[in-house]
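A.B. asks: A single structure is presented below for examination.
The values are calculated or read from the model by the stated rules, or taken from the named source; none is laboratory data. None of the values given here were measured: they were computed from a predicted structure. Cβ sites come from the backbone with ideal geometry, for glycine too, and all protein chains shown count toward neighbours. What goes into the accessible areas is simple: the full protein's heavy atoms, side chains included, and nothing from ligands, DNA or RNA. Shrake-Rupley method; radii C 1.70, N 1.55, O 1.52, S 1.80 Å.
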Amino acid sequence: MADRNLIGKETPPGRAEAKAEEMIAFAQAVGDLQPEYLDEAAAKRAGFQGLVAPPTFPMRFLFDALDPDLFFELGLNLAGIVHAEQEFIYQRPIIAGEKFVIFGKVHDIWEKEGKSGVLDFVTFEATGLEEKSKEHVFTARMTLISRRA
Amino acid sequence: MSGQVYFEDVHEGDSIPALVKGPLERIQLVKYAGASGDFNPIHVDEVYAQAAGMKSVFAHGMLSMAFVGQMLTDWMGPLGELKRFQVRFSAVAWPGDVITSTGTTVRHWEEKGEGLVELALESKSQEGTVTVKGAACVRLPRRSA
């Protein structure tokens, strides 16, 4: 089972940049075509400093920032992992060109007896700070369920 | 998109405009994989998905969440600010599904002069299967401000 002693364990800080072309590709893949996501001039007319990222865009950073070693240390059954829950807490939207330091950690670990056996739950937390100002911009929490093999 | 919504216009129990997406196409799952960086083959590789016991590839949960996010930001307008957004994935969305997202205001209050609204969120397929359930907190601009 996942070791509860790993709660609070931090991953080495990662770095991420909100690149305009990646933000546009993300909005287009979702089919969310708000002008503020696609057109810098429109975003500025709406009062933003630059192109705005859609609310679930920080997910893109989490895949870059999650430490695979920590993931393996958790001892989850990788074949049986399901994304169960996702939460974002925002201080403000992400703007194109911003760079972030991403701090990741294990937020919680618990288990539950399911119909088909024991399920392990793990919540990872990632906090994004703007690199220069150290301003806290977002927190993301991802809960995975793993069915024991 | 219609005009900006203001705090004073919203009441508890109000529904926000629903958003209908789809039918989902496999090509959208491929685009989303590339754009999000989530290359789990279960969403893009039919052979892999079937070997894992699924009837076909299926949408990333985060794509379903993105649809709900689109509904929220369409509604709150450029002056609205999303403070918190949380979902639980209860069923997967399949290629061909039409996903309808809905939201209802469950709380409407002032805090330190800010107008805040809490919404209950849900997405369903055309068959009525709930794919996503969630909640969001949004700050709306005030007419008086």
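A.B. asks: Would you rank B:THR105, B:THR100, A:THR127 by solvent-accessible area, highest first, keeping every protein chain in place and using a 1.4 Å probe?
C.D. replies: On the way: B:THR105 5, B:THR100 50, A:THR127 25 Å².
The most accessible residue leads, giving B:THR100, A:THR127, B:THR105.
A.B. asks: Give me the percent relative contact order of region A:4-147, please, defined on Cα pairs under 8 angstrom at least 6 residues apart. If you can, show how the numbers build up before the last one.
C.D. replies: Numbers: 279 pairs, mean separation 42.5, N = 144.
With pairs under 8 Å counted, the relative contact order is 29 percent.
A.B. asks: List the lysines whose alpha-carbon lies under 23 Å from that of B:LYS124, not counting same-chain residues fewer than 8 positions away?
C.D. replies: Counting by Cα, and skipping residues close in sequence, B:LYS124 has these lysines nearby: B:LYS21, B:LYS31, B:LYS55, B:LYS133.
A.B. asks: Could you state how much accessible area B:ARG88 has, in square angstrom rounded to the nearest 10, with a 1.4 Å probe and all protein chains kept in place?
C.D. replies: 130 Å²
A.B. asks: May I ask for the angle, rounded to the nearest 10°, between helix B:26-36 and the longest principal axis of chain B, with both axes built from Cα atoms and the value confined to 0 to 90°?
C.D. replies: Here the helix axis deviates by roughly 60 degrees.
A.B. asks: So for region B:36-103, Kirkwood radius off the Cα pairs, Stokes-Einstein at 10 °C and 1.306 mPa s: how many µm² s⁻¹? All intermediate terms of the calculation are to be shown ahead of the outcome.
C.D. replies: On the way: Rh = 13.7 Å.
Rounded to a whole number, D works out at 116 µm²/s.
A.B. asks: Quick one: angle between helix B:61-76 and the longest Cα principal axis of chain B, in degrees between 0 and 90, rounded to 10, please.
C.D. replies: 20 degrees
A.B. asks: Sticking with this structure for a sec: So how do A:105-116, A:128-139 stack up, highest first, on mean other-Cβ count within 10 Å? Before the final figure, lay out the partial values.
C.D. replies: Values: A:105-116: 13.3, A:128-139: 15.8.
My ranking of the peptides, most packed first, is A:128-139, A:105-116.
A.B. asks: Moving on to the next point. Over chain B, what is the relative contact order in percent, taking alpha-carbon pairs closer than 8 angstrom and at least six residues apart? Numbers along the way, then the final one.
C.D. replies: Details: 298 pairs, mean separation 45.1, N = 145.
Normalised by residue count, the contact order of chain B is 31 percent.
A.B. asks: With no solvent and one point per C-alpha, what does the Debye sum give as log10 I(q)/I(0) for region A:6-125 at q = 0.09, 0.20 Å⁻¹?
C.D. replies: For the requested q values the scattering log ratios are -0.34, -1.09.
A.B. asks: Something else: Which percent of the Cα-Cα distances in region B:1-128 go past 18 Å? Don't jump to the answer; show the numbers that get you there.
C.D. replies: Values: 4716 of 8128 pairs.
Cα-Cα pairs of region B:1-128 separated by over 18 Å account for 58 percent.
A.B. asks: Round to the nearest 10 and report in Å² the accessible area of A:ILE94, as given by a 1.4 Å probe over the protein chains' heavy atoms.
C.D. replies: Here the accessible area works out near 10 Å².
A.B. asks: Against the longest principal axis of chain A, how steep is helix A:20-30, in degrees 0 to 90 to the nearest 10, with axes from Cα atoms?
C.D. replies: The answer is roughly 60 degrees.
A.B. asks: So, one more: Could you work out the mean count of beta carbons from other protein chains within 10 Å of each residue's beta carbon in B:61-67? Kindly include the intermediate steps, with their values, before the conclusion.
C.D. replies: Numbers: counts 6, 8, 4, 2, 9, 11, 4.
Per residue, the average neighbour count from other chains is 6.
A.B. asks: Also, quick follow-up: Using a 1.4 angstrom probe and counting only protein chains, how large is the accessible area of B:PHE89 in Å², to 10?
C.D. replies: 40 Å²
A.B. asks: Also, I was wondering about something else. Among all the lysines, which ones have a C-alpha under 24 Å from A:LYS105's C-alpha, if same-chain residues fewer than 8 places away are not counted?
C.D. replies: The qualifying lysines are A:LYS9, A:LYS132, A:LYS134, B:LYS83.
A.B. asks: Same structure again: Tell me, what is the FRET efficiency for A:ASP67 and B:ALA120 to the nearest 0.05, using R0 = 22 angstrom and their Cβ-Cβ distance as r? Working shown, then result.
C.D. replies: Details: r = 34 Å, r/R0 = 1.56.
Plugging the Cβ-Cβ distance into 1/(1 + (r/R0)^6) gives 0.05.
A.B. asks: Ignoring ligands, DNA and RNA, how much accessible area is buried between chains B and A, both sides summed, with a 1.4 Å probe, to the nearest 100 Å²?
C.D. replies: Working: alone 7780 and 8400 Å², together 13820 Å².
Approximately 2400 Å² gets buried when B meets A.
A.B. asks: Oh, and also: Rolling a 1.4 angstrom probe over the protein heavy atoms, how many square angstrom per residue are accessible across region B:67-145?
C.D. replies: Numbers: 3260 Å² over 79 residues.
Heavy-atom accessible area per residue stands at 41 Å².
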